[in-house]
Amino acid sequence: MRFVKQFLAVLAVMVVCGQVTSAVQDNPWLTLAAGLLSAVLTILTYRWVVRRTEHRDVSELAGGGSRFVTGALIGAAMFASVAVNLAFNGSFHVGGFGSMPNTWGIFGFMAAAAVTEEVLFRGVLFRIVEERLGTYPSLILTGVAFGAMHLLNDKATLWGALAIAVEAGFMLAACFAAFRNLWVPIGLHFTWNFLLAGIFSLTSSGNGLGKGLVEVTITGPELFTGGEFGPEGGVAAVGAGVLLTLIFLIVAHRRGHIVRPGGRGAANAAAAR
């Protein structure tokens, strides 16, 4: 029952705020405001519903600033490694500066996306499924669900959704398992998305959001560029995601954060660390 309440509460906020953000997407300043408001409301809703249904401190939201920065640095490093790989196997074409107002609009859009998706998929789905099935089955199930959700995007492909499942769904679940804190995957998720679309104007998961800070196009084999789906559909991003997943799981093992099937107590203990 608590799972249903948490899922529905966060999903309701995600859907309503998503509709509002989409409705004002033609105005970058309203998109910025709507996106930031969506992020705040999602965090408040999650904190409230968890306290009401689990009667505990929401330890996975502790240390917001420093944990977010940790995730942001990891996200920036991941993006840099993929960009170098793409440049090595193809080429970047810089067309000049893009649109500063639209960059801020993308900032708000990506803030909403990172917070709502991480809270729903890692804070609710992964965490609660993990209590019943254990870390690895939960990582696979919620990762596949995360990839499948991206089939709804404008230029979605089956391969693109699979790539997202592996490089993001699995990786971000492993990130949460390693740190037992939502701010780290939120920071990673946001930074990757914002650098991709907001700074370099590249397609994000099949969604073209217009000009970011700098107009960049990439050419080269679709195997690396991801084609119309964007760099997330390329092997460079998938490889980086797999590598990070393995690193996060090693960290989770060393910290004793891996939960075995039926290990609800172990999950809660790890979340309190």
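Values in this text are rule-based calculations from the coordinates and carry no lab data. Only a predicted model underlies this, so the values are computations on that prediction, with no experimental measurement involved. Heads up, the Cβs are rebuilt from the backbone with ideal geometry, glycines too, and the neighbour counts pull from every protein chain shown.
If I take R0 = 41 Å and measure r between the Cβ atoms of ARG260 and LEU151 in this structure, what FRET efficiency does the formula 1/(1 + (r/R0)^6) give, to the nearest 0.05?
Values: r = 32 Å, r/R0 = 0.77.
Given R0 = 41 Å and the Cβ-Cβ separation, E is 0.80.
In cubic angstrom, how much convex hull volume per residue do the alpha carbon atoms of segment 2-271 span?
108
Counting only complete DSSP H runs, which helices of the chain cover 30 Å or more along their long axis at the Cα atoms and score a mean Kyte-Doolittle of -0.5 or above?
Span-like helices, by this rule, are 2-23, 28-54, 64-89.
Specify which residue in the list MET149, ALA178, ALA165 is farthest towards the positive end of the charge dipole of the chain, using unit charges on the beta carbon of Lys, Arg (+1) and Asp, Glu (-1), about the Cα centre.
Farthest towards the positive end: ALA178.
Helix-only mean residue ellipticity at 222 nm, the chain, DSSP H runs n ≥ 4 weighted -39,500 (n - 2.57), per residue, nearest 500. What is it?
Value at 222 nm, helices only, nearest 500: -21000 deg cm²/dmol.
With the dipole of segment 2-271 worked out from charges on the C-beta (+1 for Lys and Arg, -1 for Asp and Glu) around the Cα centre, which of LEU202, GLY64, LEU213 lies farthest toward the positive end?
Checked the options; the winner is GLY64.
In whole percent, what relative contact order does segment 2-271 give with Cα contacts below 8 Å and a gap of six or more residues? Show your work: numbers first, answer last.
On the way: 498 pairs, mean separation 69.4, N = 270.
Computed value for segment 2-271: 26 percent relative contact order.
Placing +1 at every Lys and Arg Cβ and -1 at every Asp and Glu Cβ, with all other atoms neutral, what dipole size does segment 2-271 have around its Cα centre, in debye to the nearest 20?
Value, rounded to 20: 1120 debye.
Packing-wise, with mean Cβ within 10 Å as the measure, how do 11-22, 155-166 rank, highest first? If you can, show how the numbers build up before the last one.
Details: 11-22: 16.1, 155-166: 19.8.
Taking the mean over residues of other Cβ atoms within 10 Å, the ranking is 155-166, 11-22.
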